[in-house]
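Peer 1: I have a structure here, written as structure tokens, and I will follow up with some questions on it.
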Amino acid sequence: QVQLVESGGGLVPTGGSLRLSCTASGRTFSSYGMGWFRQTPGKRREFVAAISRDGGTTRYADSVKGRFTISRDNAKDSVILQMDTLKPEDTAVYYCAADRFGLGASLESVYEYWGRGTQVTVSS
């Protein structure tokens, strides 16, 4: 079992930045790939970014490439999503998830554990 807790969400103006953190507890964090997903009301949850267990591979949705950066610190059991140049369409609840295969995939179905989410609101 892995417990995930997100933090760092909030309200920012267009063009601003936020840094989301996800802290894990339970089983060995370094064996899991980690991902960030987001969801807005009435829409399906969508992939944002992911990182492999060793940090060597990262993936991004096209909509956030060049603006968001995912990183991890296995010593601190945490994964970070640095979000820059935010746009109103980035407004969503952001979820952290753990991928048992360790690859950091974009496919939602491989993620076994999920946090409860943190709200990000970008004002226009």
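Peer 1: Keeping to segment 78-106, report how many residues are closer than 12 Å to G33 by Cα and of a type outside the set (S, T, N, Q).
Peer 2: We begin by selecting, within segment 78-106, every residue closer than 12 Å to G33 by Cα; these are 78-79, 96-106.
Within this subset, residues satisfying the condition of being of a type outside the set (S, T, N, Q) are 79, 96-105.
Qualifying residue count, segment 78-106: 11.
Peer 1: Does T121 meet the test of being more than 17 Å from S7 (Cβ to Cβ) and touching a strand residue (DSSP E or B) at 6+ places or on another chain (Cβ under 8 Å)? Outline the logic, then answer.
Peer 2: Working: more than 17 Å from S7 (Cβ to Cβ): no; touching a strand residue (DSSP E or B) at 6+ places or on another chain (Cβ under 8 Å): yes.
Against the criterion (more than 17 Å from S7 (Cβ to Cβ) and touching a strand residue (DSSP E or B) at 6+ places or on another chain (Cβ under 8 Å)), T121 does not qualify.
Peer 1: Select from segment 84-124 the residues that are small (G, A, S) and in contact (Cβ under 8 Å) with a residue 12 or more places away in the chain and list them in ascending order. Steps first, please.
Peer 2: Step one: of segment 84-124, the residues small (G, A, S) are 92, 97-98, 102, 104-106, 109, 115, 117, 123-124.
Those that are small (G, A, S) and in contact (Cβ under 8 Å) with a residue 12 or more places away in the chain: A92, A97, A98, G102, G104, A105, S106, G115, G117, S123, S124.
For every residue, the table says whether it meets (1) open to solvent by 60 Å² or more (accessible area, probe 1.4 Å); (2) modelled with pLDDT of 95 or more; (3) of a type outside the set (V, I, T).
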residue: S25; (1), (2), (3): no, no, yes
residue: T40; (1), (2), (3): no, yes, no
residue: R45; (1), (2), (3): yes, yes, yes
residue: V48; (1), (2), (3): no, yes, no
residue: S52; (1), (2), (3): no, yes, yes
residue: R59; (1), (2), (3): yes, yes, yes
residue: D62; (1), (2), (3): yes, yes, yes
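Peer 1: Can I ask one more? Restricting the search to segment 88-111, which residues are touching a strand residue (DSSP E or B) at 6+ places or on another chain (Cβ under 6 Å) and open to solvent by 80 Å² or more (accessible area, probe 1.4 Å)? Give the steps one after another, and end with the answer.
Peer 2: Of segment 88-111, the ones touching a strand residue (DSSP E or B) at 6+ places or on another chain (Cβ under 6 Å) are 88, 90-100, 102-106, 110-111.
If the condition is that a residue be touching a strand residue (DSSP E or B) at 6+ places or on another chain (Cβ under 6 Å) and open to solvent by 80 Å² or more (accessible area, probe 1.4 Å), then R100, L103 are the ones that fit.
Peer 1: Considering (1) assigned to a loop (DSSP other than H, G, I, E, B); (2) exposed (fewer than 15 other Cβ atoms within 10 Å of the Cβ), say which one V5 fails and leave the rest.
Peer 2: (1)
The values are calculated or read from the model by the stated rules, or taken from the named source; none is laboratory data. Model, not experiment: these values are computed from the prediction. Using ideal geometry, Cβ is built from the backbone for each residue, glycine included, and neighbour counts are taken over all protein chains shown. Keep in mind that these areas ignore ligands, DNA and RNA; they rest on the heavy atoms of the full protein, side chains included. Shrake-Rupley method; radii C 1.70, N 1.55, O 1.52, S 1.80 Å.
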